[in-house]
Amino acid sequence: MTEQIDWEKITNYAGFDWAKDHHDVVVVNQQGKIVDELTFEHTSEGWAKWKQLLKRCPNLAVAIETSQGAAIEQLLESGVTVYPVNPKSAERYRDRKAPSGTKTDYLDAWSLADALRVDGHGWRALKALDPLVQELRILCRDEVELIGKRTELVNQLQAALYEYYPAALQAFDDWTAAPSWSFVQQFPTPQGSARPDDASGKNSCMCIGFTGRNSTRSGWKSLPKPTSFAVRQWSFEPRADWP
């Protein structure tokens, strides 16, 4: 959400170049002179340094190249006026300061600060969200991160199965489902899975919910016997003619 701010009350302008683990800040006054600068870690101690800067630079507005995330939450909580800047606009402001294309964290922060001083009167500031909406936003962000980590793990597992255990890979369509992971945990090697005539193996497969591409029974039978698997004597070395 955005809101209009009384621009006349702003006397200091900060450019905030954020990163995952640290942030760079440059503050200019109404004449464009750099009056303060700070680099701090994204920790509680680092944000304490930020609050000390606020005491030195009252009536501060901040320009930052994002509109959401942990840095935005901390800035709004500290009570400053926050102006999000589109990445393409930020790039043009940086080119104004360094036409040669030079890019540093300090330069990014300085260009944002001066852009806010010159053009900020026409920008819209971010408005703090309702606490419930903010909580939901954080939960959604965390869910997206967890889904990304899950996808990374699934890709790693599928790559390993493709090389060393293709029968298991072919038996399941959905490797985000619990039965597929349970299967490779219970049958981590080809010789443990390729026993369709073993009653105990079938029972174990049914217990973990093996569904695969077909029914439990047919899916279990789709796993090849040792003589048809692509390795000899279970050495786990891929055959030369594997795709």
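The values are calculated or read from the model by the stated rules, or taken from the named source; none is laboratory data. This is a predicted model, so every value here is computed, not measured. Backbone-built Cβ (ideal geometry, glycine too); neighbour counts: all protein chains shown.
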Open item on the list: So the check is Cβ under 6 Å with 6+ separation or different chains; which pairs have a first residue in the stretch 77-100 that's surrounded by fewer than 19 Cβ atoms within 10 Å (Cβ to Cβ) and a second one that's among the hydroxyl-bearing types (S, T, Y) and part of a helix (DSSP H, G or I)?
Closed with: K97/S111
Task: Matching residues, the stretch 12-55, being under 23 Å from W123 (Cα atoms), among the polar types (S, T, N, Q) and either assigned to a helix (DSSP H, G or I) or in contact with a strand residue (DSSP E or B) (Cβ under 9 Å, 6 or more places away or on another chain) (or both) - done: N12, N29, Q30
Task: Number of the exception - R117 against (1) without any contact (Cβ under 8 Å) to a residue 60 or more places away in the chain; (2) of a type in the set (K, R); (3) outside any loop (DSSP other than H, G, I, E, B) - done: (1)
Open item on the list: Of the residues D95, D105, only one is under 13 Å from D17 (Cα atoms) and either aromatic (F, W, Y) or modelled with pLDDT under 95 (or both); which?
Closed with: D105
TODO: Go through (1) assigned to a loop (DSSP other than H, G, I, E, B); (2) buried (at least 20 other Cβ atoms within 10 Å of the Cβ) and name the single condition P58 misses.
DONE: (2)
